[in-house]
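K.L.:
Below is one structure. I have some questions about it.
The values are calculated or read from the model by the stated rules, or taken from the named source; none is laboratory data. From a predicted model like this one, the values you see are computed outputs, not experimental measurements. Here the Cβ positions follow ideal geometry from the backbone for every residue, glycine too, while neighbour counts run over all protein chains shown. What goes into the accessible areas is simple: the full protein's heavy atoms, side chains included, and nothing from ligands, DNA or RNA. Shrake-Rupley method; radii C 1.70, N 1.55, O 1.52, S 1.80 Å.
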Amino acid sequence: MTINGQVLPADSSFGVVNPATEGEFSRAPECSRKQLDAAMDAATRAVQLWRADDAARVAGLNAVADAVDEHASELADLLTAEQGKPLGAAHYEVSETTRWLRAAAALELPIETILDDGSARAELRRRPIGVVAAITPWNFPLLLAGWKLGPALRAGNTVVLKPSPYTPLATLRLGEIVNQVLPPGVINVVSGGDHLGAWMTSHPAVGKVSFTGSVATGKKVMASAADGLKRLTLELGGNDAAIVLDDANPEAIGRGLFWGGFINCGQICAGIKRIFVPEALHDDVVDVLAERARRVRVGPGTQEGVQMGPIQNHPQFERVRGLVAEALSDGASAAAGGAPLDGPGYFFPPTVLTGANEGMRIVDEEQFGPAIPVLTYRTLDEAVERANATPFGLSGSVWGSDLDRATEVAARLDTGTAFVNDHLALDPCLPFGGSKQSGLGVENGPWGLDEFTQLQVVHRPAA
């Protein structure tokens, strides 16, 4: 772990499993309560110096991005080993991490004059909150760390960062790398199980919690943070619907529709989880998706040409297997995939299901894996109503030939982001967040930066 700029072991450790082999290949330190207190103390002490120099923060963030770039191959190797994604995808995640960090460094913290009427002058300033507890999931360990570190540091806060215990290694190494270019205590990285996250979210030193993960855990984070009235950003789960309109060309939209759901082995909160198709286009859309699914090469991320790695961990593998098996037993059919691959590793081929409907868990819940149900609809109003009939509201998409019509339909989705003829078109300049139970607050751009600040009005008499 990295605490106050020092690389530290722990008295105990836990195993890290390679999902392509199901074997433990490394161990990670189990942070003690005393060590967490030391990390929080270091972050608290570092705040005053870090917040004082805006230009130094910009330079520091860019130096962090440079350092990550210099260690890209090492970090990508660790990502593939612990997360399972293909090596090319791991390199892409590292490069996207630095892109987000540089974008955060380029953001401004303007002082706004909001009153100047001759009798008084009032300015609006954005001040740092203090210590940020950042907790990241196992699907994109480095990228989502970058989403939090960038705006938190740009605003003048310091951070204690905890990765998922399923994927701690790349983030722990990130902590060592960035502390070569930052003052001690600005970024502290600790690792451990769920109990460590609970310690962090309830810790009195923390002023802000930024969490990405499941809805169930997000509710626990919110409850834990309530005692200290901590500020919260919660990016939680999704059950994103894609609506295919009756003027869509299945061949033209096939690639975007497929990878909008199956990228990263379907393990992405804002990926497509349900596809609604007009009855007349159902067979054509299913054929296009199934044909693509059968061509995808699934295997260990280190093998050349692999497009999809394993599901990241055993509990998630069992969940996906159970949801698919349950749907098949309840009357759905697999146009492609449908069962795990033989041999070691949590490998599950891309699975396209037909004949599923509401009431099946594969439709109603977030599967977070490589299995997508294709559902038919008769009227567009029905499709929109069914797409919105969920406690989730992260993203959604509409696919068709008439862009104006598709855009009108997209605007009817109860989601934080609505895409047209695309999905997962994320960018550092676009705010990202969910409605309903998909989260609180937003990330990215000036809106995400504001989440890591406290507004202060400075009011004075006119001169």
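K.L.:
Using the Cα centre of the stretch 182-277 as the reference point, and only Cβ charges (+1 on K/R, -1 on D/E), how large is the resulting charge dipole? Debye, rounded to the nearest 20.
P.N.:
The calculation lands at about 400 debye.
K.L.:
Just to confirm a number: summing +1 for Lys and Arg and -1 for Asp and Glu over residues other than residue 123 whose beta-carbon lies under 10 angstrom from that of residue 123, what do you get?
P.N.:
Every neighbour counted, the sum reads +1.
K.L.:
Which one of 420, 12, 256 has its Cα pushed farthest toward the positive end of the charge dipole of the chain, where Lys and Arg give +1 and Asp and Glu give -1 at the Cβ?
P.N.:
The listed residue farthest towards the positive side: 12.
K.L.:
So what is the relative contact order for the chain, in percent, with contacts set as C-alpha pairs under 8 Å and at least six apart?
P.N.:
For the chain, the relative contact order is 19 percent.
K.L.:
Using only alpha carbon pairs under 8 Å that are at least six residues apart, calculate the relative contact order of the stretch 333-463 and give it in whole percent.
P.N.:
14 percent
K.L.:
Please list 282, 423 in order of solvent-accessible area, largest first, computed with a 1.4 Å probe with all protein chains present.
P.N.:
282, 423
K.L.:
For the chain, just say rounded, prolate or oblate: build the C-alpha gyration tensor, square-root its eigenvalues into a ≥ b ≥ c, call rounded for a/c under 1.5, and beyond that prolate if a/b exceeds b/c, oblate if not.
P.N.:
Verdict is oblate for the chain.
K.L.:
Now a separate question. Summing +1 for each Lys or Arg and -1 for each Asp or Glu, what net charge is found among the other residues whose Cβ lies under 13 Å from the Cβ of residue 405?
P.N.:
-4
K.L.:
Which part of the stretch 55-87 falls in the paramagnetic zone of residue 297, meaning amide N under 16 Å from the point 7 Å along Cα-to-beta-carbon?
P.N.:
It comes to 85-87, nothing else.
K.L.:
I've got another one for you. Ignoring ligands, DNA and RNA, what accessible area per residue does the chain give at 1.4 Å, in Å²?
P.N.:
39 Å²
K.L.:
Further, regarding this structure: With +1 on the Cβ of every Lys and Arg and -1 on the Cβ of every Asp and Glu, and nothing else charged, how large is the dipole of the chain about its Cα centre, in debye rounded to the nearest 20?
P.N.:
Around 1440 debye, computed over the chain.
K.L.:
For a quick protection proxy, order the peptides 363-374, 327-338, 207-218 by their average other-Cβ count within 10 Å, most packed first.
P.N.:
363-374, 207-218, 327-338
K.L.:
Which order do you get for 447, 138 if you rank them by accessible area with a 1.4 Å probe, largest at the top?
P.N.:
Order by accessible area, largest first: 447, 138.
K.L.:
Does anyone have the angle between helix 33-52 and the longest principal axis of the chain? Alpha-carbon axes, 0 to 90°, nearest 10?
P.N.:
The answer is roughly 70 degrees.
K.L.:
Hey, which of these cross-link pairs are over 19 Å Cα-Cα: 220/436; 273/436; 34/148; 148/208?
P.N.:
34/148
K.L.:
At 222 nm, what helix-only mean residue ellipticity would the chain give, in deg cm²/dmol to the nearest 500, using -39500 (n - 2.57) for each DSSP H run of four or more?
P.N.:
Helices in the chain give a 222 nm mean residue ellipticity of -12500 deg cm²/dmol.
K.L.:
Classify the stretch 1-92 as rounded, prolate or oblate, taking a ≥ b ≥ c as the square roots of the eigenvalues of its Cα gyration tensor: rounded when a/c is under 1.5, otherwise prolate if a/b is larger than b/c and oblate if not.
P.N.:
Oblate.
K.L.:
Another one. Dipole of the chain (Lys/Arg Cβ +1, Asp/Glu Cβ -1, origin at the Cα centre): which of 146, 352, 407 lies farthest to the positive side?
P.N.:
146
K.L.:
Continuing with the same structure: What is the stretch 322-438 by shape, rounded, prolate or oblate, if you read a ≥ b ≥ c off the alpha carbon gyration tensor as root eigenvalues and call it rounded for a/c under 1.5, prolate for a/b larger than b/c, and oblate otherwise?
P.N.:
It comes out prolate by the Cα gyration axes.
K.L.:
Here's another thing I want to ask about it. Which of the trypsin sites (Lys or Arg not before Pro) across the stretch 252-305 are loop residues per DSSP, with 13 or fewer other Cβ within 10 Å?
P.N.:
Taking the stretch 252-305 and a limit of 13 other Cβ atoms within 10 Å, the loop trypsin sites (Lys or Arg not before Pro) found are 297.
K.L.:
Heavy atoms only, probe 1.4 Å: what % of the accessible area of the chain goes to carbon and sulfur, would you let me know?
P.N.:
52 percent
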